[in-house]
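J.: What follows is a single structure, and I will ask about it in a moment.
Readers should treat all values here as calculations from the given coordinates under stated rules, not as data from a laboratory. Owing to the predicted nature of the structure, the values given are computational and were not obtained by experimental measurement. Here the Cβ is made from the backbone with ideal geometry for all residues, glycine too, and neighbour counts use every protein chain on show.
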Amino acid sequence: KTQSIKFQDENTKLICILHWDEDEDGELSYEEAAAVTNLGTAFKDSRILSFTELKHFTSLTNIANDEFEGCVSLVKISLPEQITTIGENAFSGCTNLQKIVIPDSVTSIGKYAFNGCSGLTSVTIGNSVTEIGWWAFDNCSSLTSITIPDSVTSIGYSAFYDCTSLASVTIGNGVTSIGEMSFDK
């Protein structure tokens, strides 16, 4: 028998079992998680609290458009180390999400990716991100500081718009384009 993932959040476990429990044993094994290539909209608007086990979904290459949109109860998530893109609206409206670490493998953050994540206090942007999309962090009103790594060349229109608590911004040497109203409040 294969080893099952121990989930912190029962709602997350139930969604995972419903969608990816191939052997129908009522558990999600590391092997079953590793075989998942697309989450679809399984979590959109769900009431999950945490998904630190997402790191075991080692065949995911992106967080697609709308995947976690509207997960208003989501407090913490651990992104897999191999993902390369975070799609449009991927975490939009996750009002209780507190911290996000974007892995070094990610090259782009899509439009509205973290729009309305008003509880977000900490964002770490990986060293391979080249583009931060339009409105990507709009209305992240609890965010107090941001460091844009040297890899970023483009900060989209209104990327950090209405981040009313933003007191410190460090912009890397690679930035050649900053969209209008990127840091307006």
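J.: Across all directions of projection, what mean area in square nanometres is found for the Cα convex hull of segment 1-60?
T.: Averaged projected hull area, Cα only: 3.7 nm².
J.: Over segment 57-112, consider all pairs of different Cα atoms and compute the Kirkwood hydrodynamic radius from their mean reciprocal separation; express it in Å, one decimal.
T.: Computed over Cα pairs of segment 57-112, the Kirkwood hydrodynamic radius comes out at 11.3 Å.
J.: Project the alpha carbons of the chain onto their principal axes and report the range along each, largest first, in whole Å.
T.: 53, 27, 21
J.: Subtract the Cα-Cα distance of THR170 and HIS19 from 0.36 nm times their separation in residues, and report this length gain in nm to one decimal.
T.: 50.3 nm
J.: Mind putting together the pair-distance distribution for segment 74-139? All Cα pairs, 5 Å bins, whole percent per bin, short to long.
T.: Whole-percent P(r) values from 0 Å outward: 5, 20, 30, 29, 14, 1.
J.: Taking a threshold of 23 Å on the Cα-Cα distance, which of the pairs LYS6/LYS76; LYS76/LYS111; LYS55/LYS185; LYS13/LYS76; LYS13/LYS99 fall above it?
T.: From the list (LYS6/LYS76; LYS76/LYS111; LYS55/LYS185; LYS13/LYS76; LYS13/LYS99), the Cα-Cα distance tops 23 Å for LYS55/LYS185.
J.: Peptides 31-38, 156-163: what's the order by average Cβ count within 10 Å, highest mean first?
T.: Taking the mean over residues of other Cβ atoms within 10 Å, the ranking is 156-163, 31-38.
J.: Taking only Cα atoms, what is the 0 to 90° angle, nearest 10, from helix 10-20's long axis to the longest principal axis of the chain?
T.: 70 degrees
J.: How far apart, in nm, are two points set 7 Å out from the Cα along the Cα-to-Cβ line at THR2 and at VAL75?
T.: Placing both labels 7 Å along Cα→Cβ, they lie 3.0 nm apart.
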